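Please read the structure below before turning to the comments.
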Amino acid sequence: MEYRRRYKKDVFVDLVCFRRWGHNEMDDPTFTNPLMYKAIHNRQSIPDVYAQKLVKEGILTANEIVDIIKNHTKCLSSEFNNVDTHTPNATHLSGHWTNYVQASAAITTWDTGVNIGLLQYIGGKSVQVPESFHVHHHLKKVHVQNRLDKLESGKNLDWSTAEAMAIGSLIYQGFNVRISGQDVGRGTFNQRHAILTCQESDDQYVPLNNISENQDCFLEVANSILSEEAVLGFEYGMSTENPRHLIIWEAQFGDFSNGAQIIIDTFIASGESTENSLSSDFELYSK
C-alpha cells in the first residue's frame, strides 16, 4: 500500500505455491509427478524454515518452538476429539427471524387465500397510472384494458395478472418484494410490465408501489445483467436477512439458470442443513 500511495502504481505478486502432500490421505503425488515431488520432499517445510529464521534472529529459542508446536498440537487434538460430542449453537432463528420456528418434518398446509374484493382492487391498481402519464397505445389496449376486463368478468385470468395480485397482496399485508433477472420489469415474454414508461417524458412508474396512500412496503424491480451466479448469490444473501422480504430471482430454465447452479446447489438447496441458514428466496423459471 505504501508503494501504491507513493508511486501511484499497482503491485503484482508472482506467488508460486505447491502442495506438499497428496490431495487426500489416499493420494500420493509421486504417482504422476515423481521428479517434481522428489524436489519438493528434499526441501525443508515452510514452518521449519521460518522456525530456524526465528532462532537465528534471537526471537525464539529452539525449546520455545518445540513448546509452541506441542501446545498447538495438543489443542488441535482436543478440539478434534470434541467434534462428536459438540452441538453448535443455532443462531439462524435470531434477529429478524426471532419469532419464527424450525419447520417440522411433516407436510403442512396453510390457508393463504385473500378476499376476492381485495384481489380485484389490487389487480386494478396494478395497471393504474396518473392521468398525466402516457402509456404506450398498444399496452393500453392489450395490457391495461385487457386486465381490467378479466378482473371484472373473473374469467381467463392470465399468469401475469395472477402474479401481480399475489405480489400486490403481499405488499398490502406488509411484505417487501424484490424481483431480479434479465428484463424482469417488462417480462421475458412481454407479459409483466411491472414498470411502465411514459411515452412522452420517458419517466417510469411502478403501479404496485402506489396501491394505497400510506403504503410502507414496496416492489423493487432489478433488471440484472447476465452474470447469473453473481446475481443469484446477491439475491440469496438478501433473502437470508429478513423473512418479511420476498426475494424473487427469475431466469430462463437451462442456459441462464445453469450459470447459477453453484449457488443453487451450495446454498439454496442445502443452506439450512449445512449452515442453519434460512431464506425467503423464491426462484421463478421460464422456458
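The values are calculated or read from the model by the stated rules, or taken from the named source; none is laboratory data. What you see is a predicted model, and the numbers here were worked out from it, not measured in a lab. Don't worry about glycine lacking a Cβ; one is built from the backbone with ideal geometry, like all the others, and counts go over all protein chains shown. Remember, those area values only see protein heavy atoms, side chains included, never the ligands or the DNA or RNA. Shrake-Rupley method; radii C 1.70, N 1.55, O 1.52, S 1.80 Å.
Among the residues making up the stretch 168-184, those that are polar (S, T, N, Q) and open to solvent by 20 Å² or more (accessible area, probe 1.4 Å) are Gln173, Asn176, Gln182. Taking the stretch 142-164 as the range and being closer than 13 Å to Gln128 by Cα and either hydrophobic (A, V, I, L, M, F, W, C) or modelled with pLDDT under 95 (or both) as the test, the residues that pass are Val144, Leu148, Ala164.
Of the residues making up the stretch 219-240, those that are part of a helix (DSSP H, G or I), over 14 Å from Ala269 (Cα atoms) and of a type in the set (A, V, I, L, M) are Ala230, Val231, Met238. Here the stretch 242-287 is the region considered, the condition is being closer than 21 Å to Asn89 by Cα and in contact with a His (Cβ under 7 Å, 6 or more places away or on another chain), and the residue that is modelled with the lowest pLDDT is Asn276.
For the stretch 59-93, a residue qualifies if it is assigned to a helix (DSSP H, G or I) and among the polar types (S, T, N, Q), and the qualifying residues are Asn63, Asn71, Thr73, Ser77, Ser78, Asn81, Asn82.
The residue that is farthest from Val142 (Cα to Cα), counting only those in the stretch 185-222 that are touching a residue at least 24 places away in the same chain (Cβ under 8 Å), open to solvent by 20 Å² or more (accessible area, probe 1.4 Å) and of a type in the set (Val, Ile, Thr), is Val221.
As a summary of the residue check, Thr266 satisfies the conditions (1) surrounded by 15 or more Cβ atoms within 10 Å (Cβ to Cβ); (2) assigned to a helix (DSSP H, G or I) except for the one numbered (1).
Take the stretch 144-165 and flag every residue that is in contact with a helix residue (DSSP H, G or I) (Cβ under 8 Å, 6 or more places away or on another chain) and hydrophobic (A, V, I, L, M, F, W, C). Answer for the stretch 144-165, where residues must be in contact with a helix residue (DSSP H, G or I) (Cβ under 8 Å, 6 or more places away or on another chain) and hydrophobic (A, V, I, L, M, F, W, C): Leu148, Leu151, Leu157, Ala164, Met165.
For the stretch 1-13, the set of residues classified as at pLDDT 90 or above and either in contact with a strand residue (DSSP E or B) (Cβ under 9 Å, 6 or more places away or on another chain) or assigned to a loop (DSSP other than H, G, I, E, B) (or both) consists of Lys8, Lys9, Asp10, listed by residue number.
Yes/no per residue for (1) charged (D, E, K, R); (2) under 27 Å from the mean Cα position of the chain (by Cα):
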position: Trp110; (1), (2): no, yes
position: Lys125; (1), (2): yes, no
position: Pro130; (1), (2): no, no
position: Phe133; (1), (2): no, no
position: Lys140; (1), (2): yes, no
position: His143; (1), (2): no, no
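Can we say Arg178 is under 21 Å from Phe133 (Cα atoms), touching a residue at least 12 places away in the same chain (Cβ under 8 Å) and among the basic types (Lys, Arg)? No: the conditions fail for Arg178. Between His96, His92, the distinction of being open to solvent by 80 Å² or more (accessible area, probe 1.4 Å) and out of contact with any strand residue (DSSP E or B) (no Cβ under 6 Å at 6 or more places or on another chain) belongs to His96 only. In this structure, Glu131 does satisfy being open to solvent by 90 Å² or more (accessible area, probe 1.4 Å), farther than 22 Å from Ile248 by Cβ and assigned to a loop (DSSP other than H, G, I, E, B). In this structure, Val11 does satisfy being exposed (fewer than 10 other Cβ atoms within 10 Å of the Cβ) and among the β-branched types (Val, Ile, Thr).
All but one of (1) open to solvent by 100 Å² or more (accessible area, probe 1.4 Å); (2) more than 30 Å from Glu64 (Cβ to Cβ) hold for Arg19, so report the exception by its number. Here Arg19 clears every test but (2). Of everything in the stretch 22-58 that is in a helix (DSSP H, G or I) and among the charged types (D, E, K, R), the residue that is surrounded by the fewest Cβ atoms within 10 Å (Cβ to Cβ) is Lys56.
In the set (1) in contact with an Asp or Glu (Cβ under 9 Å, 6 or more places away or on another chain); (2) on the phi > 0 side of the Ramachandran plot, the condition left unmet by Gly58 is number (1).
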